[in-house]
Each structure stands twice: as structure tokens, then as C-alpha cells.
1. Quick check on the chain: helices-only [θ] at 222 nm, where DSSP H runs of length 4 and up contribute -39,500 (n - 2.57) each and the sum goes over total residues. Nearest 500, please.
2. How much accessible area per residue does the chain have, counting only protein heavy atoms and a probe of 1.4 Å, in square angstrom?
3. Carbon-plus-sulfur fraction of the accessible area of the chain, 1.4 Å probe, in percent?
4. What residue among Thr237, Thr260, Thr155 shows peak mean-square fluctuation when the chain is described by a Gaussian network model with Cα springs under 10 Å?
5. Test of understanding: in a Gaussian network model of the chain with alpha carbons linked when under 10 Å, which of Leu299, Leu64, Leu362 would top the mean-square fluctuation ranking?
6. If eta is 0.692 mPa s and T is 37 °C, what Stokes-Einstein diffusion coefficient results for the range 228-271, Kirkwood Rh from Cα pairs, in µm²/s?
7. Under the Karplus relation 6.51 cos²θ - 1.76 cosθ + 1.60, θ = phi - 60°, what is the ordered set of whole-Hz ³J(HN,Hα) values for the range 309-315, x standing for Gly and Pro?
8. Please compute P(r) over all alpha-carbon pairs of the range 1-75, binned at 10 Å starting from zero, and give each bin as a whole-number percent.
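The values are calculated or read from the model by the stated rules, or taken from the named source; none is laboratory data. Because the structure is predicted, anything quoted here is derived from the model rather than measured. Quick reminder, even Gly has a Cβ in these numbers, built from the backbone with ideal geometry, and neighbours come from all protein chains shown. What goes into the accessible areas is simple: the full protein's heavy atoms, side chains included, and nothing from ligands, DNA or RNA. Shrake-Rupley method; radii C 1.70, N 1.55, O 1.52, S 1.80 Å.
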Amino acid sequence: MTKYQLQAASFVLVSFMLGCNEFIVVGIISDIAGSLNVTVATVGYLVTVFATVYAIATPLITVLTNRFNRYRTFMALMVIFLIGNTLTGFATSFTVLVAARMITAVVAGTIESLSIAFANVIAPRNKRAILISWLAAGFSIASVVGVPIGTAISTHFGWQNAFHVISLLSLVTCIILGLLLPRNLKQTPGGIKDQLVLLTDKRIYLGAFLILFTAAASYAYYTYIRPLITTTLGFNTTWLNWLLVGIGVMSIISNRLSGTLAEHDGLRFMPRFYVVDIVLLLLFPLAMMNAWVGYALLLVLTLIVTIGGSPIQIHFLDVAEESYPQATALASALNAIFFNVGISLGSATASGVLSTAGLTSLGWGAAAFAAISLVVSLALNRTITQHRATRTAKI
């Protein structure tokens, strides 16, 4: 393998590691609750705490560390992550467990954004979109492969050992990246104000809104994917895991297609995908009347609802490189930040729809967010076209 291929594989490993750390709690909640003598509902707050700390800390840490050497910053954050994850595995009380999860949440988002910033530099221009899509796929692979394996380890050997395996993976990844990453990556220094000016660009904040409402459209139904499969579609628990794996595999395929789309100015095609999303989501109640038709609809939605991830990420990086080189790291973090905000909005909407209209009506809330996404994507494309025309006229 070439040095670039090793670097690329290592960054995908980082995404996989982060995904396992973030998602594994969902699969081992009962084991943690029994071990620490707390309720399952109490352990469930770990997910909320992690997401909240992640969303708040990521932009702060990314902006505040921008003036430091990117290699040293990345390695320091990886070490902090390793410490936090290891502490999680050794936690003997719920208080310590919460503190350990907060440590990993504080640095996880910035590690992800710096991975994208490094990938943007080390990848040949024609392979940049594909590598960034693979970074996103690392999280999907974690949910499909890593979480079930972690759950099995927890069941047979204790939940602590599941985190110890992630720590071992983190240590190996730290060593590999420590040896392979460029030590003096070119970066443009800038203070906090110099970086935050990025958010005032219409091309950026429209892209951020697009990410937010796209995530909301997805999680307005995906939040309750398990009861949709079992309660609404009627599949038993034996089928459940296999059907969830099928959805996870479709998510990986979606990430790969997203990378291909990004190579061909993919934002131009996004309005068409949102139109299809809206139609499918409006058909949601009807499709849920048949088990296999409903599941097929969930597979297609998984494939196309978030397919714009890589085109938007490349768009953020291109705008930053062109107009705000001092804010490249912040541009790398926007996708993760606003996607998490969208998850919160979508899941809250799903809860409201569920309590008033039932599981089969979840598609209505998702369709509303997809419609907003359509409007925003049209506005974003118009803004990009106008900017290009203005720049060409100046030349």
C-alpha cells in the first residue's frame, strides 16, 4: 500500500473508532444499568449528555485550537480520547461513567473535523470526495459491525471489556497516525473572529441549514426505527437485527454514492433527491400497511435522504479555501455540528408526532423537513450560481 492509502485507511479507522465509542452505549444500556445498580432510563441519559457536550464543545475546541500546530493538536486530542474511553471501561460508578463520556464527547467532534481537514490536504484532488465519503462511512460501518460486536463482547465478557477493545483500537490508531501524518501541515492562522466570519457567508449558512433540516427529515422517522420494524411492520425480534443490518448496509452504500455525487458537483442534483424524499415520505402511512413494502421504503429512504452529505462537506471546504483559509478546520466541523442539531430537532418532532398521531404518521413530520430542505437547496444553488457569475465578471 502507498503512504496515502495507509493514511486514508487510518482516518477511516478513526471514524470507525469514534462511531463505536458513540453508538455502543445504545446496545449495552441494560448491561451498564445492571452492573452499576441504576435504572435503564438513567443510563439512557448518557446518550443525551454525550450529544449535548459534543454539539457545544466541537465548535469551541475547533476554533480555540486553530492557532496551534494541527498535527500536535490532533495527536493530543487522540490521547485525551484514549484516556476518556479507557476511564469509561474502568468506571465503577455512574458518576465516573458520566465524567468519562463527557471527556470523549469534548474531543470527538474536533477529531472528526481535523480528520476531514487532513484528508482535504493529503488526498489527491480527484480522490478527495471519495475519501471524505469513506470517513462518513466509518460511522455507518461502526453501527453495522462494531456495535453488534461490542454488544456481544458486553454480553459474554462484561460491558467494560467492550470499551477496553475500543481503547486498544484507539491506541493502535494513535501510533499509526503518529507515524504517518504530515507534521507541519500548511494552515492559515486566524483568531476567533477571523474564523467565525465564515458563518456570515450565505453559501455557508444556507449549507448549514440544509444539513440541519436534512438530518431532521431523517430522524423524524429513524428515531423510532425499531418500533417501526417490530410494532408497525410486525417483524419479530429474530428478524429485527438482520433488518437493521440491511438498513446499515444501505447507509454505507449511501455514503459511497454521496462521494461519487460530490465528484460531479453534486449539489446541483440535490433538489431532485428532495422531491423524491417528499413523495416517499407522503406515501409513508400507506407503505407501512404492508411489512415488506414498508421495509423497502425504509431502505430507499436510507439510501437517498442523507446522500448530500459529501457534496455539502466538499462545498464547505471549497468556500473556506477560496475565501476563508483561516477557517478550514471550522468548515470541516460544520457538517457534524449541524447534523447533531438536526438530529435533536427531528427526534423531538418524532416524539410529538408519535404521541398525537402514532407511528405510521411519522412520515408527515419528515416530509415537512424534506420540503424545507428542498427550498433551502434551491436557494443554495442559486446563491452558488450568482457567486460564480460575479467572480467570472470580475475576471
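1. -27000 deg cm²/dmol
2. Dividing the accessible area of the chain by its residue count gives 43 Å².
3. Result for the chain: 69 percent of the exposed heavy-atom area is carbon or sulfur.
4. With Cα springs under 10 Å in the chain, the top fluctuation among Thr237, Thr260, Thr155 is at Thr237.
5. Most flexible of the set in this elastic network: Leu64.
6. 265
7. Taking θ as phi minus 60°, the curve returns x, 5, x, 5, 5, 5, 4 Hz for the range 309-315.
8. 15, 31, 30, 19, 5
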